[in-house]
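Readers should treat all values here as calculations from the given coordinates under stated rules, not as data from a laboratory. Note that this is a predicted model, so its numbers are computed, not measured. All Cβ positions, glycine included, derive from the backbone under ideal geometry; neighbour counts span all protein chains shown.
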Amino acid sequence: MSSLSWNQLTDSLNHQLSLPENVEKLTITDAALAYARCGWYVLPIAAGTKHPGSLLGTSWPEQSTRDPEQIKRLFKYPNTAIALHVGKSGAVVFDVDEPANLSLQLQLELLRANVPFQSTRLVGDERRGHYVFLVPNGCSYGNSLGGLGKGWGDVRGMNGIIVVSPSPHQKEFGYYKWKRTGPVPLLPPILAMLIPQRTGDSSGKLSFEEGRTFVSANNGNTYPALLQSRLAYLRENPPTINNRHTAIQRFLMSVLKDSTVGFYPASEALNQTQTFFNSIKSPDEQTPREFEGMALWAMAQVEAMTEDEKAFHALNTAPHLEVEIMKWWRSHGK
């Protein structure tokens, strides 16, 4: 997959997601591939469990994937089930255990004909199961019920999973079968207002429009060689697999600080850093809009700097002085 420029990325925000038909007729590996083709990050778990780290351990969030070759490798073992990495795929799922306790508002929104639904029981209330929605652009939800009331089930958001067909169910009368498939609709505004957005990495970012303004405003080019020097060091000292996100986020802060004091254009810093990020973490491994989120977060931190802090960064880094010092040394010295 070819990389996109920063501007192309922010112009391509619609994330497609759907549920495939007739997966119950497929092998586990073929079904996992079908989910990945529909936009889902998948991970193998031990059959008969709901534990996301049962096979991959604590690094499972990094290892969930849409890459076909990785899927063939991870799902080749017997007694393996399929889990969808919900938040990483750009979705939120309502896991309904007690349909009788659903509010009228939840019933109205969940039971619409266009909402994909996976039944999880052979007997009992036929409304029991998983209801799937697409997360609005720029939003991230955790697993909190928020204002949705209690006693009906759970929300599966960032780092939440659901086990899916044709995986075996852990309970005697449980099973997984998609009753409604197709494109995943956007989370209705009334539900989006009731679920608290996830804090942490998703907070403290500029908006996309603010990001565009930042890039346009910071286009100086007094010392472009510094960017190549920083990138060369990063290539020679790449981050470990479990530290790629954090390392690149910190690197973005450094290069965008340089851009805000005029050393090189922010657009060039973003595009070249993105190219490197894609080389160490393929787009199929990345969460939806992962690089954009890191960049907007880093921009917000740089924007928060005072003029004195920016001046200190310029003075402390001062790569442009190196040229002047060398000129003086050649003209005066030894």
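Fully extending the segment from ASN101 to SER279 would add 59.3 nm, taking 0.36 nm per residue of separation and subtracting the current Cα-Cα distance.
How would you classify the chain from its alpha-carbon gyration tensor, with a ≥ b ≥ c the square roots of the eigenvalues: rounded for a/c under 1.5, else prolate if a/b is greater than b/c, otherwise oblate? Verdict is prolate for the chain.
If you take the Cα centroid of region 83-127 and the Cα centroid of region 13-66, the two points sit 18 Å apart.
On a 0 to 90° scale, report how tilted helix 28-37 is relative to the longest principal axis of the chain, with both axes built from alpha carbons and the result rounded to the nearest 10. Rounded to the nearest ten degrees, it is 50. Which one, LEU17, GLY48, HIS130, projects farthest toward the positive side of the charge dipole computed for region 6-138 from Cβ point charges (K/R +1, D/E -1)? The listed residue farthest towards the positive side: GLY48.
Every helix of 4 or more DSSP H residues in the chain counts as -39500 (n - 2.57), and over all residues that averages to -12000 deg cm²/dmol at 222 nm. Taking the chain as a Gaussian network of alpha-carbon nodes connected by springs under 10 Å, the highest mean-square fluctuation of the residues ALA81, ALA32, ALA192 belongs to ALA192.
Could you tell me how many degrees, from 0 to 90 and to the nearest 10, lie between the Cα long axis of helix 208-217 and the main elongation axis, the longest principal axis, of the Cα atoms of the chain? Helix 208-217 and the main axis of the chain meet at about 10 degrees.
Once you reduce region 280-309 and region 161-185 to the center of their Cα atoms, the two points are 35 Å from each other. Each label was represented as a point 7 Å from its Cα along the Cα-to-Cβ direction; for ASP30 and ASP125 these points are 3.6 nm apart.
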